[in-house]
Amino acid sequence: MLSSAVAINQFQLAGFQKIAADIPEAALYQPGAGHAHPPVWIMGHLALTGEMGQQYFGGSVQHSEWMPLFAPGSSGEVPAETAFTKQTLVDAVTNAYTQLQKFALDNATPEILAQPHGIGLFDGTPIKTAGDTITLLLTNHFGFHLAQLSSCRREAGFAPLF
């Protein structure tokens, strides 16, 4: 049911690996031009939302302590004192979306996907169900923030990847 969304996310996750590899550790807390999100926030937010998506299938949020910094609606400001490393964040994003893909392929039933999403942010939008939310997380949401991370990479002086 979600195989196309998973395939897109797998493609995007491979792009994420390439983009993140070039982000200098020293640039982790520098806000990106135009969107103002530093790579630390982008990666933390992606990791957390991937974990949140797993909850539709009985999974859990593994980094609940990250909620104040990275949850939807958070400010995007991450104090340098938090001392996140790039590798910790890359691993968290990779694990969150690898697990979400697995849950989506192995556990998505019509009943789960048809449930209301329960997310106030989407009230009054075309996003109505858990299935809509999972599809959004695996495709549009991931791609949107991947573009932000890519712009941070380009600001660091790297040529386009694609």
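Filter segment 32-53 down to residues that are over 15 Å from residue 90 (Cα atoms) and buried (at least 18 other Cβ atoms within 10 Å of the Cβ), then give me how many there are. First the steps, then the outcome.
Going through segment 32-53, the residues over 15 Å from residue 90 (Cα atoms) turn out to be 32-37, 52-53.
Cutting the leftovers down to buried (at least 18 other Cβ atoms within 10 Å of the Cβ) gives us 32, 37, 52-53.
Adding up the residues that qualify gives 4.
Only one of these is farther than 28 Å from residue 3 by Cβ, modelled with pLDDT of 95 or more and of a type in the set (Gly, Ala, Ser): 53, 124. Name it.
The conditions single out 124.
Name, by its number, the condition in (1) assigned to a loop (DSSP other than H, G, I, E, B); (2) out of contact with any Gly (no Cβ under 7 Å at 6 or more places or on another chain); (3) not polar (S, T, N, Q) that does not hold for residue 92.
(1)
Checking residue 60 against (1) free of Cβ contacts under 8 Å to residues at least 24 places away in the same chain; (2) assigned to a loop (DSSP other than H, G, I, E, B); (3) surrounded by 18 or more Cβ atoms within 10 Å (Cβ to Cβ), which test does it fail?
(3)
Name, by its number, the condition in (1) at pLDDT 95 or above; (2) over 12 Å from the mean Cα position of the chain (by Cα); (3) more than 25 Å from residue 122 (Cα to Cα) that does not hold for residue 89.
That leaves (2) as the condition not met.
Would you confirm, using the coordinates I've provided, whether residue 145 is at pLDDT 95 or above, of a type outside the set (A, V, I, L, M, F, W, C), in a helix (DSSP H, G or I) and farther than 18 Å from residue 27 by Cβ?
Considered against the rule, which asks whether it is at pLDDT 95 or above, of a type outside the set (A, V, I, L, M, F, W, C), in a helix (DSSP H, G or I) and farther than 18 Å from residue 27 by Cβ, residue 145 comes out as no.
The values are calculated or read from the model by the stated rules, or taken from the named source; none is laboratory data. All values derive from a computational prediction rather than experimental measurement. Note that each Cβ is placed from the backbone with ideal geometry, even for glycine, and that neighbours are counted across all protein chains shown.
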